[in-house]
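Below is one structure, written out as C-alpha cells; comments come after it.
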Amino acid sequence: MKILTFDIEDWFHIIHKYPEDILDKWDNYEIRIHKGMDKIFQVLLDHDVKATFFVVGYIARKHPEIIKRIHDLGFEIAAHSDMHKAAYKQSRDEFKLDLSDCMNSIESITGEKVISYRAPGFSIKKENVWAFEILNQLGIKYDASIFPAKREDGGFDDFELATPSIIKYKGMFIKEFPMSINTFMGRKFVASGGGYFRFFPYRLIKKLLNDADYTMTYFHPRDFDPSQPMLDGLSLKRKFKSYYNLSTSYTKLRQLVYDFDFIDIREATKIVEWNNVPIIDLSHHSNDK
C-alpha cells in the first residue's frame, strides 16, 4: 500500500512556531503556491493518480480557487490546521478552534464533510495526545499525524508500529495512517517526503519503496518551486532541510508516480482490514492543558 499526500501551504509556512503578528508578515510575502500546485496537478493528471490534499485553512480562505480545483478534479481534501501552528504549542481550546476554523473554511467551499487530518509538522506527540479527543469531537475519522521517530516539530519515537493502526484514547478510537519509516544502523528516517526525499538519490528511494509493504508520502507545493525566496531567520539546519536540491524534486516526483501505483487515503481506508490492525492505547499519555 502506497499512499500519496500533499500538504497544501505556501512557501512561508515552513515554520510552525511564530509570533501572534505573523499575519501582518504573511500578507506582505509573495504568493507562490500556484507555481507548485500547477506542477502537482499536472503530474497527477498525466498519470491518472489520486492523492489526498491536506489543506491549511488560511489557504482555503486566501485562495478558494485552489480548493475548488482540487475538489472539481475529484481529489480528497483533508484538514491541515487553520494557521499551520504546531499542535503542541496550543491549548485544548486553541487547538479545537483552529481545527474548526480550518474545517469550516474547506467545507464552505466543497460542501462536503472533512474526515481526515494531519497536524502541521506532525506535531502530535506524547505531550499532546489529547488532540485525538478533539479530532473525535469534530468528526475526524482518519488521522495521519503520527511520525514514529524523533523530529524537530513533533515525533512519537516510541509509537509501536509504522503501519495503519487504531488509536485508542479515553474510550474513543481513531484510525491512524502514520508516516512510514526507514531504518539504517538504528537510526530512523523518512525517504518519502521532506528533506530526505530531495537529499537521497532516486535509485535509493525506489529501492526503499520497493522493499516496503506500506508507504506514506508527504509533499508540499514549495517542494517543486526552486526559485522561491528563503525565509529570514532560519537555522542552517532548517535551511538545508527546506531548500536543498529543490531543483531535482519535481523530476523525482514524476518518476515516483510513474514507477509506483499510488492511492489516496480515501481508497486506503477501504483496503485496510481494520479488524486486524494493532490497537494502540495512548490513554496513559495524558495532558489536560
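Taking the three principal axes of the alpha carbon atoms in segment 81-210, the coordinate ranges are 42, 33, 24 Å, sorted in descending order.
In the chain, Rg over Rh equals 0.93, where Rg is the alpha-carbon radius of gyration and Rh the Kirkwood radius from pairwise Cα distances.
In this structure, the pairs whose alpha-carbon distance is over 24 Å, taken from 35/125; 2/237; 50/207; 68/175, are 35/125; 2/237; 68/175.
For a straight C-alpha distance cut-off of 20 angstrom, the aspartates and glutamates reachable from residue 168 (same-chain residues fewer than eight places away being disregarded) are 127, 133, 143, 157, 158, 160, 176, 273, 281, 288.
Listing 103, 1, 230, 179 from fewest to most neighbouring C-beta atoms within 10 Å gives 230, 1, 103, 179.
With the Kirkwood sum run over all distinct C-alpha pairs, segment 1-122 has a hydrodynamic radius of 14.8 Å. Only one residue of 99, 177, 56 has its Cα farthest out toward the positive end of the dipole of the chain, where Lys and Arg carry +1 and Asp and Glu -1 on Cβ, and that residue is 177. Here the chain is assigned +1 on the Cβ of each Lys and Arg and -1 on the Cβ of each Asp and Glu. Its dipole about the Cα centre then comes out at about 800 debye. Cα convex hull, segment 71-145: 83 Å³ per residue, rounded to a whole number. In terms of other Cβ atoms within 10 Å, 274, 130 run from fewest to most in the order 274, 130. Normalised size of segment 162-289, defined as Cα radius of gyration per 2.2 N^0.38 Å with N residues, equals 1.26.
Normalising the average separation of contacting C-alpha pairs (under 8 angstrom, six or more residues apart) by the number of residues puts the relative contact order of the chain at 25 percent.
Coordinate-derived values only; no laboratory data. Quick caveat, the model's predicted, so the values are computed rather than measured. All Cβ positions, glycine included, derive from the backbone under ideal geometry; neighbour counts span all protein chains shown.
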